[in-house]
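The values are calculated or read from the model by the stated rules, or taken from the named source; none is laboratory data. Remember, predicted model here, so these are calculated numbers, not experimental data. In this analysis, Cβ positions are derived from the backbone assuming ideal geometry, glycine residues included, and neighbour counts consider all displayed protein chains. Remember, those area values only see protein heavy atoms, side chains included, never the ligands or the DNA or RNA. Shrake-Rupley method; radii C 1.70, N 1.55, O 1.52, S 1.80 Å.
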Amino acid sequence: MIVKLTAQDKKQIEKLHSEYAKKIAETEALIEKLAPAKDFDEEKEREIQSRRPKMPDPVSFTEEGAPIYSEESLKPYNEAQKKINDELDQLFESWLDSGAPGFREARREQSRLISEQGDAINALFKQIEQLEFSKLGGDREKIIQSAREQVKLLIDNRFKNYQKIIATQKNEDGEPLTGFSARDLRVDGENIYLDTATIIQDCKRSLLALHYEALSHDQEATRAIDNIILEIVTDSQKTSSDKGVLGAMIEFTDRTPVDFAFTDEERKELAEVKVSYPASYITPIDKVSNKAFEGVLNSSEPIGVEVVKKAKSRKPIYTLVSIDITELEGVKINGRRELTAFDREVHDAIITLYVEGGNTYITVNMIYQMMTGKRGAHCSSKQAQAISDAITKLMFSHAIIDASQEAQLRGLDKAKYDSNLLNAKRLTILANGQTTEAIKILDTPILYDYAERRNQIGRFDVKLLDSPVNKTEENIVLDGYLRRRILSMKGSSKLSPTIKYDTLYKQLEITAPSDGALRKKKLKVRKTVKKLFDFYKKEGFILGYVENTHKSEKNKIDSVTVRY
């Protein structure tokens, strides 16, 4: 229920905030004083997590597709999980013990104070709300009339609040924002609307809870309130059920922060989602996508990518591309700032699951399974972290593709793409002692959208992903590069069928502390390439291949030529 706070109400609320802020600050200072000399060993924690066992193979499946496990296989699995959990507990307990006496108690006291503060403020608001509602005196008609006024207030207050945030580009605490979105807000260009279904739900669940409770014995009255909500919400010019995009981000700068929380409904959808594994794998093979993951497009300044070479009758055609990766508050980009070849493999696995598989909800493990071609695979914590880091980078890489010159060839005036490489929400949950991460795709990824319009999407059978090599990051990148190169060869008679090994070494960024170690690494790469090509030949992806020696150094193998 919306109430107008009196001066006395505001004074009480401020007093609570002030009292608890002081207590929490004192406890925080004590925690810092008593804390262990060394930080908690996160590296050791990751090492312990990496030893978690894989789920056993199911003995069968339910009609809904849920796996069924035998007690014999689950018992050792659960025992191993408990052992890992106990080891993690012991690691944390040891760290707590290394603090000064009173460290544990200070941490517990801080948690208690924070929880107590929230409870106290909520209780005060409920008390104020109950007092205001009691003024209706239990009168049926007054309660119904109050419901009407409350619904109008809710719509007006929320709409004005969102207008103020957009106009000032600051949150309710006056802090500057780079962008803004809300679960009940629809964005249609420069226009905004409150989402009809969400507002109706909020009215029934929280706003008018006291009204419904007071009239619970009167079905006619509660139906009247239902009708009032429906009437006001659907008739308002500030609401809509279909205009614009629900939850879309309004940009205040040239960034599009999209890492916001799942709603309760989305959490439920994720729990019930059924995975659809596609039969075909897709990958953009256009020049813009190639450049995007070469590490050269890493600023807001556009670079011209020659997409149509110069011919006698016309000038070369360039598409202007910029990709700017920006850390926002609470977001950390791990590793290199520019997009890498491994980031591309994660990107392609995601678009395959989304476009070909029709999966809106995608977990990190699904991405790993797609990248490796192993349906029942379970990624380690190290592999999961690498994929998670790539997702973060893709979500916060703002790309602008100005393909106006290309568009003019097709009789169009302009074609400009402006979006993050991956528009998604992200959720991280802890289940059975393991962290599970999932994303919800909100829109078709920009690089796929651009390449698909140019008819430059490569496709192949997913069985090619299950190649007979260890699924290290290096081998995943190598496998992906070779498949794309072969697809490009098949799509263009002008592309040479010969791949130089130096190109592969550069793609994999092969380095070593000595010449001897470098030679060993390069030999290992060539052996892996031969394994992959033998596999491609067996699966019918290529007809054959032959290695070539250097023109002047006959003992040096410097390239491989593919027959397709």
### Query
P(r) for segment 89-229: what percent of alpha-carbon pairs falls in each 5 Å bin, starting at zero?
2, 8, 12, 12, 12, 12, 11, 9, 8, 6, 5, 3, 1
## Note on the structure
Ordering 489, 1 by the accessible surface of their heavy atoms, 1.4 Å probe, largest first, yields 1, 489
### Task
Place a +1 charge on the Cβ of each Lys and Arg in segment 10-60 and a -1 charge on the Cβ of each Asp and Glu, then give the dipole magnitude about the Cα centre in debye, rounded to the nearest 20.
300
### Query
Of 44/471; 22/425; 33/382; 11/160; 291/521; 274/490, which pairs sit farther than 28 Å apart, going by alpha carbon to alpha carbon?
22/425; 33/382; 274/490
### Query
Excluding ligands and nucleic acids, what accessible area in Å² is computed for residue 233 using a 1.4 Å probe, to the nearest 10?
0
### Task
Mind checking segment 471-511 for trypsin sites (Lys or Arg not before Pro) that DSSP puts in a loop (not H, G, I, E or B) and that have at most 15 other Cβ atoms within 10 Å?
494
#### Entry: Solvent-accessible area per residue, Å², over segment 142-221 with all protein chains present [probe radius 1.4 Å]
55
#### Entry: Accessible area per residue in Å² at 1.4 Å probe, computed on segment 440-564
57
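If you roll a 1.4 angstrom probe over the protein chains with everything in place, what fraction of the accessible area of segment 19-135 belongs to carbon and sulfur, to the nearest %?
The C+S portion of the solvent-accessible surface of segment 19-135 is 52 percent.
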### Query
What FRET efficiency, computed as 1/(1 + (r/R0)^6) with R0 = 41 Å and r the Cβ-Cβ distance, is obtained for residue 22 and residue 51, rounded to the nearest 0.05?
0.40
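Give me D for segment 418-564 in µm² s⁻¹, whole number, from Stokes-Einstein with Rh from the Kirkwood sum over alpha-carbon pairs, 25 °C and 0.890 mPa s.
In µm²/s, the coefficient is 136.
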### Query
On full extension of the chain, what length is gained from residue 546 through residue 77, given 0.36 nm per residue of separation minus the C-alpha to C-alpha distance?
164.2 nm
### Query
How large is ³J(HN,Hα) for each residue in segment 160-166, as worked out from phi by the Karplus curve 6.51 cos²θ - 1.76 cosθ + 1.60 (θ = phi - 60°), to whole Hz, x for Gly and Pro?
5, 4, 5, 4, 5, 4, 5
### Task
Using Cα positions and a limit of under 17 Å, work out the lysines in reach of residue 142, with same-chain residues fewer than 8 apart set aside.
152
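If Lys and Arg each add +1 and Asp and Glu each add -1, what is the summed charge of the other residues whose beta carbon sits under 15 Å from the beta carbon of residue 282? Before the final figure, lay out each step's value.
Details: positive: 344, 453, 454, 459, 463, 483, 484, 490; negative: 286, 345, 348, 356, 449, 452, 461.
Net local charge, residue 282 excluded: +1.
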### Task
Report, to two decimal places, the Cα Rg of the chain normalised by 2.2 N^0.38 Å (N = number of residues).
1.20
### Listed residues 218, 195 arranged by accessible area, highest first, probe 1.4 Å
218, 195
### Message
Loop-only trypsin sites (Lys or Arg not before Pro) in segment 1-52, please: DSSP not H, G, I, E or B, and at most 12 other Cβ atoms within 10 Å.
### Response
4, 38, 51
### Message
With +1 on the Cβ of every Lys and Arg and -1 on the Cβ of every Asp and Glu, and nothing else charged, how large is the dipole of segment 171-229 about its Cα centre, in debye rounded to the nearest 20?
### Response
220
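Remind me, relative contact order of the chain in percent, using alpha carbon pairs under 8 angstrom and six or more residues apart? Before the final figure, lay out the partial values.
Working: 752 pairs, mean separation 62.0, N = 564.
Relative contact order comes out at 11 percent.
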### Task
Just subtract the alpha-carbon distance of residue 237 and residue 156 from 0.36 nm times their residue separation and send over the number in nm, one decimal.
28.1 nm
#### Entry: Karplus (6.51, -1.76, 1.60) ³J(HN,Hα), θ = phi - 60°, over segment 349-360, in Hz, Gly and Pro reported as x
5, 5, 5, 5, 5, 7, 7, 7, x, x, 8, 7
### Query
Taking 0.36 nm per residue of separation and subtracting the Cα-Cα distance, what length does fully extending residue 111 through residue 294 add?
61.2 nm
### Query
Check residue 397: other-chain or 5+ apart residues with amide H under 5 Å from its amide H, H built from backbone geometry?
421, 422
### Message
Tell me the accessible surface of residue 133 in square angstrom (1.4 angstrom probe, heavy atoms of protein chains only), to the nearest ten.
### Response
30
### Message
Output wanted: per-residue J couplings in Hz (rounded whole) for segment 387-403, from phi through Karplus 6.51 cos²θ - 1.76 cosθ + 1.60, θ = phi - 60°, x for Gly and Pro.
### Response
5, 4, 4, 5, 4, 4, 5, 5, 5, 10, 9, 8, 10, 10, 10, 9, 9
### Message
Keeping all protein chains in the complex and leaving out DNA, RNA and ligands, what accessible area do you get for residue 525 with a 1.4 Å probe, in Å² to the nearest 10?
### Response
0
### Accessible surface, 1.4 Å probe, highest first, among residues 523, 74, 208
523, 74, 208
### Task
Enter the accessible area per residue of segment 72-134 (Å², integer; probe 1.4 Å; all protein chains in place).
66
### Query
Looking only at GluC sites (Glu not before Pro) in DSSP loops with at most 10 other Cβ atoms within 10 Å, what is the longest site-free stretch of the chain?
330-552
#### Entry: the chain: antiparallel DSSP beta bridges as a percent of all, rounded to 5
95
